[in-house]
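Colleague: Let me begin by handing over the structure; questions about it come next.
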Amino acid sequence: MNNLLSIGQASKVLGVSIQTLRNWEKKGLLKPDNYTKGGERRYKLESLKNINKNIVFHNDNRKTIAYARVSSADQKEDLIRQVQVLELYCSKLGFNYEVIQDLGSGMNYYKKGLTKLLNLILESQVKRLVLTHKDRLLRFGAELVFAICEAKSVEVIIINQGGENVRFEEELAKDVLEIITVFSARLYGARSKKNKQLLEQMQAVVESNDSKSDAFVPQN
């Protein structure tokens, strides 16, 4: 943060013309922090930050975050596979990376790993975010996180742009059940008989779909 910028570099960072910086200097709004022996203006990054607090300064120590998530503890093997894919990808490209693992529904916005990831992004410590699939981040709302990444100049890499495996449908069904659980509890009361009946019916549908998926054997 102690690097000095020329007036041309400072104008680009602030998005104004060089003449505007000279006018600001005359008005006492932004004065150069130093001058070269040849009389050229030099500005500190901190001084520019005081003019525009939305400026994001990136340091060379920003790292790659590889994020992996599964919905439940019984998907431990899937989580291991995700991590292996992410590590292989990042290592192959020579990234300085850290793997963040999460356990929880794609509908849960308060997972420990996701919270850590968002804090790192907001603190400008992340250079790129790597995912195996888009839905590993969030079931709904991933676009909002991607928008934050864009604002913070964080590159987003999704290794597999296609659909996920059969487990995807199973997790989606569970996430839908979670939504219905919340809304039915609000409508009928968490302990009401009607709420209990609705949840039992939805659980039966989910279990029925799971059994059909397990019984299905692809034909060659």
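The values are calculated or read from the model by the stated rules, or taken from the named source; none is laboratory data. Owing to the predicted nature of the structure, the values given are computational and were not obtained by experimental measurement. So basically every Cβ, Gly included, is an ideal-geometry build from the backbone, and we count neighbours across all protein chains shown. Remember, those area values only see protein heavy atoms, side chains included, never the ligands or the DNA or RNA. Shrake-Rupley method; radii C 1.70, N 1.55, O 1.52, S 1.80 Å.
Colleague: Quick check: convex hull of the Cα atoms in the range 72-157, volume per residue, rounded to a whole Å³?
Modeller: 85 Å³
Colleague: Lys and Arg at +1, Asp and Glu at -1: add these up for the other residues within a Cβ distance under 11 Å of Y35 and post the number. Please list the in-between numbers first.
Modeller: Working: positive: K31, K37, R41, R42; negative: D33, E40.
Net charge around Y35: +2.
Colleague: Can I ask one more? Under 13 Å from the Cβ of V16, count the other residues' Cβ atoms, weight Lys and Arg +1, Asp and Glu -1, and hand me the total.
Modeller: Net charge around V16: +1.
Colleague: Same structure again: What accessible area, in Å² to the nearest ten, does a 1.4 Å probe give for T115?
Modeller: Accessible area of T115: about 60 Å².
Colleague: Report Rg (one decimal) and Dmax (nearest whole number) for the range 86-126, counting Cα atoms only, units Å.
Modeller: 12.1, 32
Colleague: Further question on the same structure: Largest first and in whole Å, what are the equivalent-ellipsoid semi-axes of the range 21-134 based on the Cα gyration tensor, each being the root of 5 times an eigenvalue?
Modeller: 44, 17, 8
Colleague: For a quick protection proxy, order the peptides 63-72, 87-96, 138-147 by their average other-Cβ count within 10 Å, most packed first.
Modeller: Taking the mean over residues of other Cβ atoms within 10 Å, the ranking is 63-72, 138-147, 87-96.
Colleague: Roughly speaking, what is the stretch gain from F146 to S124, that is 0.36 nm per residue apart minus the C-alpha to C-alpha distance, in nm to one decimal?
Modeller: Numbers: separation 22, 0.36 × 22 = 7.92 nm, distance 1.42 nm.
Extra length available between F146 and S124 comes to 6.5 nm.
Colleague: Now for a separate question. When only the heavy atoms of the protein chains count and the probe is 1.4 Å, how do L21, L79 rank by accessible area, highest first?
Modeller: I get L79, L21, largest accessible area first.
Colleague: Given K49/K116; K63/K92; K27/K49; K76/K111, which pairs have Cα atoms separated by over 21 Å?
Modeller: Pairs exceeding the cut-off: K49/K116.
Colleague: In what sequence, largest accessible area first, do L137, L4 appear using a 1.4 Å probe? Can you show the working numbers first?
Modeller: On the way: L137 0, L4 75 Å².
Greatest to least solvent exposure: L4, L137.
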